[in-house]
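Report on the following structure.
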Amino acid sequence: MIRKICVVVTARPSYSRIRSALRAIADRRDLELQLVVAASALLDRYGNAVQAIEHDGFHIAQRVYLMLEGENLVTSAKSTGIGLSELATVFDNLAPDAVVTVADRYETLATAVAASYMNIPVVHVQGGEVTGSIDEKVRHAVTKLSNLHLVSTALARERVIRLGEREDTIFVTGCPSIDIAAEVAASPDMDFDPFAKYGGVGPPADLSKGYLVVMQHPVTTEYDQARAQVDETLYAVKDFGLPVLWFWPNPDAGSDGTSKGIRMFREREKPENFHLFRNMYPEDFLRLLVHATAIAGNSSVAIRECSYLGVPAVNIGSRQEGRERGANVIDVDHDRDRIAAALREHGRRGRPAPDHLYGDGKAGGRIAECVATAELSIEKRLTY
């Protein structure tokens, strides 16, 4: 019997994290992929990830518009409610045998709640991890709503067990975003011009002598500090002496403050070494990272993919607090002098060795195997 597996992708990073699993599910004869694209993944201002999804040849079963404008605490809460309502209708129409939800965004919570109340088994990818902000609460809440847990590391598995989940429902698959990193590591040449291919804002730069990649998102529990926090990073990298390739933030509470800080900085300082991008195809972005001098900011890509690729990373602030990390990461506060000092320290250390903490590049196939063969039951016999 063919199992219908509904995967909900709601944001630019979520697609990168699950793409290899989507391919593996679509390639199996015993599975039918029902791909739902929603929220910021549909919006141009946040990179229009749906274009990358279509570019990769995936059929989209349903598009769900559920985001309210504002990027603050109220709109995040209301968007969660809209997502719950809209996704319930989608699941009623598609009648999947299981729903796959990824990581820890508010849309992930809406997905898990809607499926749970409709007696549809929930499969959670990337549970059991620890980070700062509201994301950790959401992640653990989704774990409690889920019936099958596909985690990235052995430590994540132990945490899910301590949350009371049965050991036979938890599988260490590795992180599917590492699958793309493994492909890039095997063929790392940057065979494209990022300025010609992706446009963006700011003058093109000579990247041959090194460059910095920056990706900084607002922290939901510190959303009112977002503008002040991004200012510290902007000034830290401005005078570092290298081109800066800056990527637009996620649509979380505080995103307006981060975006306004970037715009005001450009108007005030008129930096000639800054170029801003909204989005790139996953492989292109990772090839850009492979050749970067370092990445700075607070994105999980610095912890996950950059660990695997051996890219020096300066992790700023509390957003990734508690997440497992490799030797490529230096942690600092939101302080321009400390950020700059950490970048210089990476220069003295040299390039770190690759670390396979988050997987070996084969997670997608393992995830597909699990959703094809594991028991998918709404029964939850907990082990407190």
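Each value in this text was obtained by applying a stated rule to the coordinates, not by laboratory testing. Just so it is clear, the model here is predicted, and its values are computed rather than measured. No Cβ is skipped: glycine too gets one built from the backbone with ideal geometry, and neighbour counts run over all protein chains shown.
Table for the structure above
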{"quantity": "Distant-in-sequence amide H partners of GLU321 (H built 1.01 Å from N, under 5 Å)", "calculated": "GLY132"}
{"quantity": "Partner lysines for LYS238 [C-alpha distance under 18 Å; skip if fewer than 8 residues away on the same chain]", "calculated": "LYS209, LYS260, LYS270"}
{"quantity": "Calculated FRET value between PHE192 and ARG45, using beta carbons and R₀ = 25 Å, to 0.05", "calculated": "0.60"}
{"quantity": "Region 1-129, relative contact order in percent, only Cα pairs under 8 angstrom and at least six apart counted", "calculated": "26"}
{"quantity": "Cβ charges +1 (Lys, Arg) and -1 (Asp, Glu), total dipole of region 152-200, debye", "calculated": "320"}
{"quantity": "Karplus-derived 3J(HN,Hα), 6.51/-1.76/1.60, for each residue of region 198-212, Hz, glycine and proline x", "calculated": "10, x, x, 10, x, x, x, 9, 7, 9, 5, 10, x, 6, 9"}
{"quantity": "Distance between region 270-314 and region 36-95 - C-alpha centres, whole angstrom", "calculated": "25"}
{"quantity": "Mean Cβ neighbour count within 10 Å, used as a protection proxy, ranking 183-196, 71-84 highest first", "calculated": "71-84, 183-196"}
{"quantity": "Highest to lowest packing among 88-96, 363-371, 312-320, scored as the average C-beta count within 10 Å", "calculated": "312-320, 363-371, 88-96"}
{"quantity": "Extension gain from LYS4 to VAL201, taking 0.36 nm per residue of separation minus the Cα-Cα distance", "calculated": "66.7 nm"}
{"quantity": "Fraction of beta bridges assigned by DSSP in region 183-349 that are antiparallel (%, nearest 5)", "calculated": "5"}
{"quantity": "Percent breakdown of C-alpha pair distances by 10 Å bin, ordered from the shortest bin, for region 183-349", "calculated": "10, 42, 39, 9, 0"}
{"quantity": "At 0.890 mPa s and 25 °C, Stokes diffusion of region 191-268 via Kirkwood alpha-carbon radius, µm² per second", "calculated": "182"}
{"quantity": "Spacing of the two label points (7 Å from each Cα toward its C-beta) at GLU379 and ALA228, in nm", "calculated": "5.4"}
{"quantity": "Kirkwood-based shape ratio for region 284-384, expressed as Rg/Rh from alpha carbons", "calculated": "1.13"}
{"quantity": "Local electrostatic count, TYR223, Cβ distance below 12 Å [Lys/Arg +1, Asp/Glu -1]", "calculated": "-3"}
{"quantity": "Cβ-based charge dipole, region 183-349, positive-most Cα from ILE316, ALA228, ALA327", "calculated": "ALA228"}
{"quantity": "Built amide H within the under 5 Å cut-off of GLY310, gap 5+", "calculated": "ASP355"}
{"quantity": "Between helix 255-269 and the chain: long-axis angle, C-alpha atoms, 0 to 90°, nearest 10", "calculated": "20"}
{"quantity": "Ordering of 140-150, 12-22 by burial proxy (mean other Cβ atoms within 10 Å per residue, highest first)", "calculated": "12-22, 140-150"}
{"quantity": "For region 162-193 and region 325-339, distance of Cα centres in Å", "calculated": "24"}
{"quantity": "Principal-axis tilt of helix 73-94 within the chain, Cα atoms, nearest 10 degrees", "calculated": "40"}
{"quantity": "Taking N as its residue count, the alpha carbon Rg of region 67-209 over 2.2 N^0.38 Å", "calculated": "1.31"}
{"quantity": "Compactness index (Cα Rg / 2.2 N^0.38 Å), the chain", "calculated": "0.95"}
{"quantity": "Degrees separating the helix 336-349 axis from the principal Cα axis of the chain, which is the longest one", "calculated": "90"}
{"quantity": "Over the chain, relative contact order from alpha-carbon pairs under 8 Å, at least 6 apart, %", "calculated": "19"}
{"quantity": "Region 183-349: relative contact order in percent, alpha carbon pairs under 8 Å with at least 6 residues between", "calculated": "25"}
{"quantity": "In nm, spacing of pseudo-spin labels at GLU269 and ASP331 (7 Å Cα→C-beta vector)", "calculated": "2.6"}
